[in-house]
Amino acid sequence: MNAALQAALSRFAELGEQLSAGERTTEADRAALLKEYSRLAPIAEKYEKISLIDGEIAEARRLAADRNDPEIAAFAGDEVRRLEAEKEALSTELKTLLIPRDERDGRNVIVEIRAGAGGEEAALFAAVLYRMYTMYAASLGFSTSRISENATDLGGFREISFSVEGDGAYAKFKFESGVHRVQRVPVTESQGRIQTSTVTVAVLPEAKEIEVEISPADVQMETMKSTGAGGQHINKTESAVRILHKPTGIVVECQEERSQFKNREKALKMLRARLYDLQNRAQNDKIAKERRDQVGSGDRSERIRTYNYAQNRVTDHRIALSLYCLDKLLDGDLEELISALAAARSSSENTSV
């Protein structure tokens, strides 16, 4: 048992005793204890399952070595192989759970999707990715809310920003930052030729107000009439908000709400997330020095993932993984891919069980 696993199991047992003892604590303290207990519970459960399987493997090996009954020995040999494969899968999951938790993992996120190379086809695929992410978020019990969008006549997005709210949102979405490449026959293509287009995705952890202070003197806010779908409300009231952060030149917009106050609140949340992202990048060279490094230039040669419609295939180039279930993935079934990326991160951290 390695030190990280031992520490997690010890802490889990300690928390269990504290919670069952019914000691007098504030509601906030008890909630914090329950949250930590819930986070450690899967580690304890996986370890217990692995321990039980170890016992089953030992028994199956004993039967497999019995030369008096070849039939039982053969069956036991198959059982050993099945149990070892199950143990290996559980061990991989346990390694992922033992990765030191990024303090941002539990935060809400803001996701920005922008069409790159490929014109209208890139904009249409940006809409596909937006649908994929909102369906994935819903499957996890997270809520989503649009912040801003720039739609095209064919239903695509030149760019769209939205928030994802739920405990662990950043942990699930952080692997999506980068250039996504699509290979398919566009709806606008009459010759049936496959086109390659790109879309860039940026995932920003939501910042707390105490982490990013925005001076009123550094902000220039403009109001304007909303554009796009929205019925009679559109173009009648100046509810849309555009905010310029003068020191950095960052501009954010929000027009999704009918209330100017709510649009201002969302825009400030987005600005705070971008400034927090810039601060983190300045402190951590592993991420990047500038925000655009997260998504690259959008050129066709840059990509973290390729979506090939003809082969029903998605390939994540960071871990050289290809899955032939593109249709399911685009319907929000991302968990297998996200788990594989988390497991690869685990291996790179040299966590051993």
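The values are calculated or read from the model by the stated rules, or taken from the named source; none is laboratory data. If you're wondering where the values come from, they're calculated on a predicted model, not measured in any experiment. When we count neighbours, we look across all protein chains shown, and the Cβ atoms used for this are built from the backbone with ideal geometry, even at glycine.
Things to note:
- Residue within the stretch 116-132 that is surrounded by fewer than 15 Cβ atoms within 10 Å (Cβ to Cβ) and charged (D, E, K, R) present: yes
- Of the strands (runs of 3 or more DSSP E) entirely within the stretch 76-193, those holding at least 2 residues that are closer than 24 Å to Ile319 by Cα and of a type outside the set (Val, Ile, Thr) occupy 109-115, 178-184.
- One residue alone among Ser177, Ser139, Ser190, Ser148 is at negative phi and at pLDDT 95 or above, and that residue is Ser139.
- Number of residues in the stretch 36-58 that are out of contact with any Phe, Trp or Tyr (no Cβ under 8 Å at 6 or more places or on another chain), surrounded by 12 or more Cβ atoms within 10 Å (Cβ to Cβ) and over 30 Å from Glu79 (Cα atoms) equals 2.
Table: residues versus (1) β-branched (Val, Ile, Thr); (2) closer than 30 Å to Ser161 by Cα; (3) at pLDDT 90 or above; (4) surrounded by 12 or more Cβ atoms within 10 Å (Cβ to Cβ).
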{"site": "Ala60", "(1), (2), (3), (4)": "no, no, yes, yes"}
{"site": "Pro70", "(1), (2), (3), (4)": "no, no, no, no"}
{"site": "Ala76", "(1), (2), (3), (4)": "no, no, yes, yes"}
{"site": "Ala85", "(1), (2), (3), (4)": "no, no, yes, no"}
{"site": "Lys95", "(1), (2), (3), (4)": "no, no, no, yes"}
{"site": "Pro100", "(1), (2), (3), (4)": "no, yes, no, no"}
{"site": "Glu103", "(1), (2), (3), (4)": "no, yes, no, no"}
{"site": "Ile110", "(1), (2), (3), (4)": "yes, yes, yes, yes"}
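- Listed by first and then second residue, the pairs with beta-carbon distance under 8 Å, at least 6 apart or on different chains, first residue in the stretch 1-19 and at positive phi and at pLDDT 90 or above, second surrounded by fewer than 16 Cβ atoms within 10 Å (Cβ to Cβ) and acidic (Asp, Glu), form an empty list.
- Single residue of the stretch 199-216 satisfying the filter (of a type in the set (Val, Ile, Thr) and within 19 Å of the chain's Cα centre (by Cα)) that is nearest to Gly166 (Cα to Cα): Val203
- Residue match in the stretch 253-261 (condition: assigned to a helix (DSSP H, G or I) and modelled with pLDDT of 85 or more): yes
- Test set (1) more than 19 Å from Ala4 (Cβ to Cβ); (2) without any contact (Cβ under 8 Å) to a residue 12 or more places away in the chain; (3) not in a loop (DSSP other than H, G, I, E, B) - Arg67 fails condition number: (3)
- Any chance Glu121 is touching a helix residue (DSSP H, G or I) at 6+ places or on another chain (Cβ under 9 Å), acidic (Asp, Glu) and in the same structural domain as Ala340 (by TED's automatic domain parsing): no
- Search result, residues across the stretch 19-37 that are part of a helix (DSSP H, G or I) and within 24 Å of Glu103 (Cα to Cα): Leu19, Glu27, Ala28, Asp29, Arg30, Ala31, Ala32, Leu33, Leu34, Lys35, Glu36, Tyr37
- Test set (1) in contact with an Asp or Glu (Cβ under 7 Å, 6 or more places away or on another chain); (2) farther than 30 Å from Arg184 by Cβ; (3) aromatic (Phe, Trp, Tyr) - Tyr37 fails condition number: (1)
- Condition check for Gly230 on (1) modelled with pLDDT under 80; (2) touching a helix residue (DSSP H, G or I) at 6+ places or on another chain (Cβ under 9 Å): one failure, at (2).
- Arg292 being surrounded by fewer than 17 Cβ atoms within 10 Å (Cβ to Cβ) and modelled with pLDDT under 90: yes
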